[in-house]
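To keep things clear, I will list the structure first and then write my remarks on it.
Computed from the coordinates by the stated procedures, all read-outs in this text should not be read as laboratory data. Computed from a predicted structure; not experimentally measured. Every residue, glycine among them, receives a Cβ derived from its backbone with ideal geometry; neighbour counts consider all protein chains shown.
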């Protein structure tokens, strides 16, 4: 690889570490480490939420899926865009206000315990366990993606590439906590958006324009131009249903809690939704243009950068379609720009891993260590527990990721479905329905998580091919309502709900 590309890439990595060091000085207590002291402006919160959400899927997975199957793979993008907007529209402001009213809750398990006045701590512990289990494997999948990027771009061994990525992400998360994560996410989100706008525009222009690109893809496979060709109703529903996951993703909704003011939500919503739509369109167009571009070029230009091509049905294609963004960055751009674009791909991966690590370490410090073992723990003690937990969780995830075959890609969809089904209905009902009880919330969380695991692991075929988040979300909702109606919240809970609504309407 060109020296200029390597240097540019390394400058980016050093920049992320510098942010971690700077934010280390601003991290004085657990609220700073976990929630940044509720000090985020709308732009930082919006881009941080988007960057932590999308991961490498936006830069690698979605373009690769469009490359292989055409625009019928866009249904998932539609579902995600709708879900992200609804999350900002209906959840963000209420959660920001309610978590502050409810004894200044700084984690999701903390909020649920405070919301339902659960002195038994069972609700907090179950919620924290769900977070730790799903996020450990989710983080591992991200580490595999990062290692493969280093491996493909710099010719490193997989294991060495894995540990380089782990060291960089853990370092700035360990040092600066939430503030380091959100500010690196802000930089990373900006890089991702720039890359997803520039790359498809240049790629399409190289083909001769949009009409030429559409014609070329149509000549390769006319079905690639249809949203519904070869796609069943269950597949469409499953793809759109990814949007349901947003309401329960701890690493995303914690950004709402960290906003400086609930009044910043409309601005953050506009920025976040715009970022999301532009990013998704960019990823779709990258994959679409990639098919036409690779098919029309001499194979030697791809082998020269270490990419293999194969012939499928007489059409020349990359053997790994998910690398199309990497291909474009190395072939179409100056080495310095290529380094920036590779950094954008790594940004997508790192911005999700760091958020997952932070939420997981927060669960260890606030929801296990303080809640169960040392209620008198000082803030700085909890910060260091969180930092140590960051290292331990990252090491466990890295060990799982050492063998790339050990991390099944479906675990990403499991984690998304698991969080969405376990926490989504619970968060919605907690914010909008005064009658929900502690038992209803607890039963819903358990039923939602268990449904995802059983539906995804043990059932298949026919209606069971439906994405597990759908039955998990619906059953959680039904169970939480039925169980809640069998009991009644205490006057203290109802009074706090009214107080939150009153503050929301100020």
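Can you pull the one-decimal nm distance between simple spin-label points at residue 21 and residue 486, each 7 Å off the Cα toward Cβ?
Here the modelled spin labels are 5.8 nm apart.
Using only Cα atoms, tell me the angle between helix 210-220 and the longest principal axis of the chain; keep it within 0 to 90° and round to the nearest 10.
80
Give the calculated FRET efficiency between residue 495 and residue 274 to the nearest 0.05, with a Förster radius of 30 Å applied to their Cβ-Cβ distance. Mind dumping the intermediate values first?
Values: r = 39 Å, r/R0 = 1.30.
About 0.15, to the nearest 0.05.
Seen from all sides and averaged, what is the projected area of the convex hull of the Cα atoms in the chain, in nm²? List each step's numbers first, then the result.
Working: hull surface 90.1 nm².
Average of the hull's projected areas for the chain equals 22.5 nm².
Using Cα atoms only, what is the angle between the long axis of helix 122-154 and the major principal axis of the chain, expressed in degrees (0 to 90) to the nearest 10?
Long axis of 122-154 versus the principal axis of the chain: about 20 degrees.
Using mean Cβ contacts within 10 Å as the protection proxy, how do 375-383, 157-165, 77-85 order, highest first? Don't skip to the end; give the middle numbers.
On the way: 375-383: 14.1, 157-165: 17.2, 77-85: 20.7.
Result, highest mean first: 77-85, 157-165, 375-383.
Stretch residue 308-residue 3 to full length: gain in nm at 0.36 nm per residue minus the Cα-Cα span? Walk me through the intermediate numbers first.
On the way: separation 305, 0.36 × 305 = 109.80 nm, distance 2.24 nm.
Taking 0.36 nm per residue and subtracting the Cα distance, the gain is 107.6 nm.
Want the number for residue 215 to residue 86: 0.36 nm per residue separation, take away the alpha-carbon distance, what's left? Provide the component values of the computation, followed by the final result.
Values: separation 129, 0.36 × 129 = 46.44 nm, distance 3.56 nm.
Fully extending the segment from residue 215 to residue 86 adds 42.9 nm.
Compute the helix-to-body angle for 158-207: its Cα long axis versus the longest principal axis of the chain, expressed 0 to 90° and rounded to tens.
40
How do 431-439, 63-71, 326-334 rank on mean C-beta neighbours within 10 Å, highest first? Please list the in-between numbers first.
Details: 431-439: 18.3, 63-71: 23.3, 326-334: 21.1.
Peptide ranking by packing, descending: 63-71, 326-334, 431-439.
Using the count of nearby Cβ atoms within 10 Å as a rough guide to exposure, how do 186, 270 rank from fewest to most?
Values: 186 22, 270 13.
By the 10 Å Cβ count, ascending: 270, 186.
Please compute the length gained on full extension between residue 432 and residue 197, using 0.36 nm multiplied by the number of residues separating them and subtracting their Cα-Cα distance. If you can, show how the numbers build up before the last one.
Numbers: separation 235, 0.36 × 235 = 84.60 nm, distance 3.76 nm.
Between residue 432 and residue 197, full extension yields an extra 80.8 nm.
Please give the calculated 222 nm ellipticity per residue for the chain, where each DSSP H segment of at least 4 residues contributes -39500 (n - 2.57) and the sum is spread over every residue; nearest 500 deg cm²/dmol?
Working: 21 runs with 360 residues, N = 506.
The per-residue figure over the chain is -24000 deg cm²/dmol.
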